[in-house]
Amino acid sequence: MIVSINWLKQYVKIDRPIEELATIIGARLVEIEEIIDLGKKYQGIVVAKIVSVDKHPNADKLHICKIDDGGKTKGVKRDSDGLVQVVCGAPNVRKGLLVAWLPPKSTVPASFDDDEPFILGARELRGVVSNGMLASAKELAIGDSHEGILEVDVNAKPGDDFALAYELNDYLLDIENKSLTHRPDCFGIIGLAREIAAITNQQFKTPNWLLETKTTIKRNPSASAPLKVNIKNTELSSRYQAVVLNSDSEKTISPILVQSWLARTGIKPISPIVDVTNYLMALTGQPLHAFDYDKFTSLNSGKAEIVVRAGKKGEKLKLLDTREIILTPQDIVIASGDTPVALAGAMGGLSTAIDGSTKNILLESASFNLYNLRSTQMRHGIFTDAITRFTKGQSPEQTAPVLSQAVDMLYNLVDAEVTSPVVEQYPGKQKPVVVETKTSIINQILGADYTNSLITSTLKHAEFDVTGSGDQLKITTPYWRADIHIAEDIAEEIGRINGYDEITTGLPVRPFVATSPTDLEELKQNIRSILVRSGANDILSYSFVHGDLLQSVGQKTSDSFAITNAISPKLQYYRQTLTPSLLELVHPNIKAGYGEFSLFEINKTHNKVHSKDSDGLPDELEMTALVYANKKSSKSSAFYNVRSQLDFLATQLGLVFEYSTIDKKPNYPVTAPFDYSRSAYITEKNSGVFIGIIGEYRQTVIKNLKLPNTVAGCELGTEDILKAVNLTKGTSYRSISKYPGTSQDITLQVTQQTSFAQVWNVLFDDALKDVELEWSLRPIGVYQPDDAKTKNMTFRIQLTDHDKTITREQANEVITLVTSTAAKKLDARIV
């Protein structure tokens, strides 16, 4: 954002050197990226009067002009009357005209920043010497008009410095405005002037017209143009005002000074009507929009009905830049009856554009939902000056004074008369925010020792209303400060305006005691450590996801909380579970050359299925999810690889996980990605606490996310694991035996109908339960040939004795016990 110092000086006293001013603004308000010396562009340019105009003897479109510069320019050839000869081809050149003369050795301002600036000289044009040139607005970098020379329209005389006449001896500040996102008032000259007054210890006074928040159109309607407004959804617009004006003026350009203010701040002058709306936007931060009233009504059978509504899916609108966009229900549109004519807050439509034939003007001043506009901005790639300001949250209170000021300016510039009453809907009116606090609290927050009088004067300089006695402060915020709500906001204002660097530094007087981690935090760190030791890779992904990802895993977007001001179109929703985020990373890792790996994440999730907490906010669900993928082998059992890691986790936490089949298809966000026929619920055996789900994924999920066939995972409730740990009060710690142990793999052949869970429970609960040695049981794999009536299940039994080296007899005794129990209970045989 470019800001003119001379424009600021109209509202605040600035007597510091520009570098010092930029430093204090950078320290107390916003970063200054660059200081631009505008005056350098206009050095040597003077105001001159055309004394005579004669036709060029060798060119039909050229004229030989004699100009009077008051004799101010040195080193230029003059005639006996002291006049200078300049050749000019402009159609509007005439005797008596005051113009901008660029003498020899001066630089054309429009080329000043080019790699090779255009420096003028005295040279022949068709045999006649021209000393420099008479410049157009475009050549002067003031406007875009190149059809004629600029006609000086201010009180000036020949020889006056052109830059002084139009206040172009100026400095421009290039502001990094991203840090002003919460300060819509600072996107206007008046708001910035107010801030500069405050940080330089001056009392600021907002112009009276901007304080009048009720519409005050001073001129009575000369006719009765019908007009009405209807805000269909009050969440889309908090205030909408409009008025109709009539102008028969043939003026096609604005005053040069108005064009100059616009041009130097980066806004292109277009026409008096459009320039007024842009001028007031740059001045106050409040965008306006002008429609051609006759074009507007022609789209609705002659009726002047303004409708503010959401866009309809598939609806089309052609914008001023000639682009045709497809609207969505997230867009806000201005419609003439049923016909959309503008993308509210962003850009007008081509069908109602102001042009040279416009006689009746429909002028809009409104406030729109900033979150919808941010979405519109990203979706359609529109970054106009208007939407940049609207997305900061302009106060609806200022729509009225800015509309009134626009009417006055249009009357003065193009004799525009009001021909309708001001129509308005104001569903979003709010009371001023009042913050009650104490001087002692402000000082405690800042670590400062400010007096009550200093705090009061600081706030009053920025036009806060401050009352109270003693230590008490009652602060009423002005309508343009929507960012102030609590005492901490007030403290920030005091510290910022007076300068944080002015606060005396010192050690804190209160003791700092480290906060002990909660049981949940310790458990999460423990789980993270255990899973890493099991061979899994810890990842951290965004809590926000695209709706397409949710749908890819079978989750409904309606079960997710939508982000109204998403930082990216790809981050539209809160994720319901962690699994989709993990699955999304599988294919990229395989493409990167990793054939076999496990990923896990411990984080929070949110979904509507689990409702909201007592404060009406989404519940935060603490979850742990893991995914195992293997591109190398299609024979590997993904399910049992995941189970192996889960069993390791359970053992380390002193828990025992029990797995049970899922009889019917569940309908929860956490179960959506899983193939329930190849999945199992997880319960902690000793406490009975439900932990989560483990399983392979549905084929549609595998296809949608380009997963390998060998892939499985689990999702667990982290707080459920904590509950199980607390209920069992178990510990997995036991000193390592100094004697070597032994392991034995056994393969049991069982009928096709026998489930893995049945076999596991027999081995775990019946065969090994009373074995006195330290033991562990781990599944290795399941093999089932096509069309076979049996299947083979392989387990590994680890045995350790803490008193002596385990003997072959001890090991054989345990293996015999396991096989005999399996044979008896399951009719299994050893393979």
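Observations, loosely collected:
- The mean sequence distance of close C-alpha pairs (under 8 Å, at least 6 residues apart), as a share of the length of the chain, puts its relative contact order at 9 percent.
- Inverse mean reciprocal Cα-Cα distance (Kirkwood Rh) of the range 642-694, Å: 11.7 Å
- Over all pairs of different C-alpha atoms in the range 1-142, the reciprocal of the mean inverse distance, the Kirkwood hydrodynamic radius, equals 17.4 Å.
- Span from the the range 56-118 Cα centroid across to the the range 301-359 one, whole angstrom: 46 Å
- Cα convex hull of the chain, projected area averaged across orientations, nm²: 51.3 nm²
- Of the residues Thr458, Gly96, Ala650, the one whose Cα sits farthest towards the positive end of the charge dipole of the chain is Ala650 (charges of +1 on Lys and Arg Cβ, -1 on Asp and Glu Cβ, taken about the Cα centre).
- Column: log10 I(q)/I(0), Debye, Cα scatterers of the range 558-623, q = 0.14, 0.21, 0.24, 0.27 Å⁻¹: -0.54, -0.94, -1.07, -1.18
- DSSP bridge pairs, the chain: antiparallel proportion in percent, nearest 5: 95 percent
- Extension gain, Asn233-Leu617: 0.36 nm per intervening residue step, less the Cα-Cα distance, totals 135.8 nm.
- Translational diffusion of the range 596-719, estimated by Stokes-Einstein from the Kirkwood radius over alpha carbon pairs at 25 °C in a medium of 0.890 mPa s, is 160 µm² per second.
- Net charge contributed by nearby residues that have their C-beta within less than 11 Å of Leu83 (K/R +1, D/E -1): 0
- The trypsin sites (Lys or Arg not before Pro) of the range 679-725 that DSSP puts in a loop, and whose beta carbon has at most 15 other beta carbons within 10 Å, are Lys706.
- Under 13 Å, Cβ to Cβ, from Thr297 - net charge with Lys/Arg +1 and Asp/Glu -1: +1
- The calculated 222 nm mean residue ellipticity attributable to helices in the chain amounts to -7500 deg cm²/dmol, summing -39500 (n - 2.57) over DSSP H runs of n ≥ 4 and dividing by all residues.
- Of Lys41/Lys105; Lys631/Lys665; Lys318/Lys359; Lys268/Lys392, pairs whose Cα-Cα distance is over 18 Å: Lys631/Lys665; Lys318/Lys359; Lys268/Lys392
- Against the compact-protein benchmark of 2.2 N^0.38 Å, the Cα-based radius of gyration of the range 475-571 scales to 1.83.
- Across q = 0.13, 0.21 Å⁻¹, the range 146-203 modelled as identical point scatterers on its alpha-carbon atoms has Debye log10 I(q)/I(0) values of -0.61, -0.89, in the order of the q list.
- Each peptide in 207-216, 471-480, 276-285 was scored by the mean count of other Cβ atoms within 10 Å over its residues; highest first, the order is 276-285, 471-480, 207-216.
- C-alpha center-to-center spacing [the range 664-734, the range 541-557] in angstrom: 19 Å
- With K and R counted +1 and D and E -1, the other residues having a Cβ less than 12 Å from that of Thr388 yield a net charge of +3.
- Rounded D (µm²/s) - the range 396-465, Kirkwood Rh over Cα pairs, Stokes-Einstein at 20 °C, 1.002 mPa s: 130 µm²/s
- The range 1-71: relative contact order as a whole-number percent, Cα under 8 Å and 6+ apart: 19 percent
- Whole-percent carbon and sulfur share, accessible surface of the chain, 1.4 Å: 48 percent
- Sites listed here are trypsin sites (Lys or Arg not before Pro) in the range 549-619 whose DSSP assignment is loop and whose Cβ has at most 16 other Cβ atoms within 10 Å: Lys556, Lys570.
- Relative contact order (percent, whole number), the range 571-682, Cα cutoff 8 Å, 6+ residue spacing: 25 percent
- Under a model in which nothing but the beta-carbon of Lys, Arg (+1) and Asp, Glu (-1) is charged, the range 750-831 shows a dipole of about 300 debye around its Cα centre.
- Size descriptor, Kirkwood hydrodynamic radius, that averages inverse alpha-carbon separations across the range 722-809, Å: 15.4 Å
- 3J(HN,Hα) from dihedral phi, the range 40-56, Karplus parametrisation 6.51/-1.76/1.60, rounded to Hz, x for glycine, proline: 4, 5, 10, 5, x, 7, 10, 7, 10, 10, 6, 8, 8, 9, 10, 5, 6
- For Val46, residues with placed amide H under 5 Å, excluding near neighbours: Trp101, Phe162
- Think of each Lys and Arg Cβ as +1 and each Asp and Glu Cβ as -1; about the Cα centre, that makes the dipole of the range 123-244 roughly 820 debye.
- Descending by average beta-carbon neighbour count within 10 Å, the peptides 481-488, 348-355 line up as 348-355, 481-488, the highest first.
- Sorting 192-198, 117-123 by average packing, meaning the other beta carbons within 10 Å per residue, from highest down gives 192-198, 117-123.
- Annotation for the range 1-95: chymotrypsin sites (Phe, Trp or Tyr not before Pro) lying in DSSP loop with at most 14 further Cβ atoms inside 10 Å of their Cβ do not exist.
The values are calculated or read from the model by the stated rules, or taken from the named source; none is laboratory data. This is a predicted model, so every value here is computed, not measured. Every residue, glycine as well, gets a Cβ built from its backbone with ideal geometry; the counts of neighbours run over all protein chains shown. These area figures cover heavy atoms from the full protein model, side chains too; ligands, DNA and RNA do not enter into them. Shrake-Rupley method; radii C 1.70, N 1.55, O 1.52, S 1.80 Å.
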